[in-house]
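Below: the structure, in structure tokens.
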Amino acid sequence: MKKLLLATAIASLSFGASAVEFTETIDFDSLKSTDSKTIDLFGYVPERCLLRVKNNSFKDVLKNARNVHDDIGGNAQNDPVALGDLLAWCNYGSKLKLEVKATKLVGIGSSNLFKTIDYDVLIGGQPLGNTKDFGIFKKSEVKFYNDAEHLKNKASKRSIAIQPEDAGFAKHGKYFGKMTVSLSAIGPHFGY
């Protein structure tokens, strides 16, 4: 009895669950030793983008912002502060578009409350804009070639950094700002 139950269970699994009956009239005289049917398949992949920041860790972006405007001895500038690498991928478009919204660094302490420090935004080492230009949350954008390949895990990589203004005489205290980077793609892509 156990063997019969086991054979029944195996048979039902091998045909994908329970058996059903044909409901249409069948002309057995026209049947041959084999039969086939064509099944049309359709699938759709939506437009997708993926943006990651690699090697990012919170840093004191003002730690070395000691230079002052018109420093004695020339036009000294603060060094850029690396924020990490942007890994950008979209499955459509011939170009990737990064949009940046940035706020000034704003003081939150008792001695620097609402005092601001501006900074340049650099993507791929190239200046994108300055918070003096941006104001609060104004967009600026950069476009570059889309390296994506069909069925390949391949992203475009661009460094992202800020270069604080000469803040040698800035008021003491903590400063906070925010930067949002958005990714989209534009144009036709013939490489797929």
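Observations on the model:
- Residue match in the range 108-115 (condition: of a type outside the set (A, V, I, L, M), buried (at least 17 other Cβ atoms within 10 Å of the Cβ) and not in a loop (DSSP other than H, G, I, E, B)): no
- Residue in the range 177-184 that is touching a Lys or Arg at 6+ places or on another chain (Cβ under 8 Å) and over 30 Å from PHE114 (Cα atoms) present: yes
- Index of the failed condition, GLY84 passing every other in (1) buried (at least 20 other Cβ atoms within 10 Å of the Cβ); (2) of a type in the set (Gly, Ala, Ser); (3) not in a loop (DSSP other than H, G, I, E, B): (1)
- Among the residues making up the range 147-168, those that are more than 17 Å from the chain's Cα centre (by Cα) and in a loop (DSSP other than H, G, I, E, B) are HIS150, LEU151, GLU165, ASP166, ALA167, GLY168.
- Residue list for the range 48-81, restricted to those being of a type in the set (A, V, I, L, M), modelled with pLDDT of 90 or more and either over 31 Å from the mean Cα position of the chain (by Cα) or not in a loop (DSSP other than H, G, I, E, B) (or both): LEU50, LEU51, VAL53, VAL81
- Evaluating PHE22 against the criteria (1) in contact with a strand residue (DSSP E or B) (Cβ under 8 Å, 6 or more places away or on another chain); (2) at pLDDT below 95; (3) of a type in the set (Phe, Trp, Tyr) leaves one unmet condition, (1).
- Going through (1) within 28 Å of the chain's Cα centre (by Cα); (2) not in a strand (DSSP E or B) one by one, LEU98 falls short only on (2).
- Filtered residue count, the range 155-181, keeping only those that are of a type in the set (Val, Ile, Thr) and in contact with a Phe, Trp or Tyr (Cβ under 7 Å, 6 or more places away or on another chain): 1
- Residue among LEU122, LEU151 that alone is on the phi > 0 side of the Ramachandran plot, of a type in the set (A, V, I, L, M, F, W, C) and either at pLDDT 90 or above or out of contact with any strand residue (DSSP E or B) (no Cβ under 8 Å at 6 or more places or on another chain) (or both): LEU151
The values are calculated or read from the model by the stated rules, or taken from the named source; none is laboratory data. Here the structure is a predicted model, which is why all the values come from computation and not from measurement. Don't worry about glycine lacking a Cβ; one is built from the backbone with ideal geometry, like all the others, and counts go over all protein chains shown.
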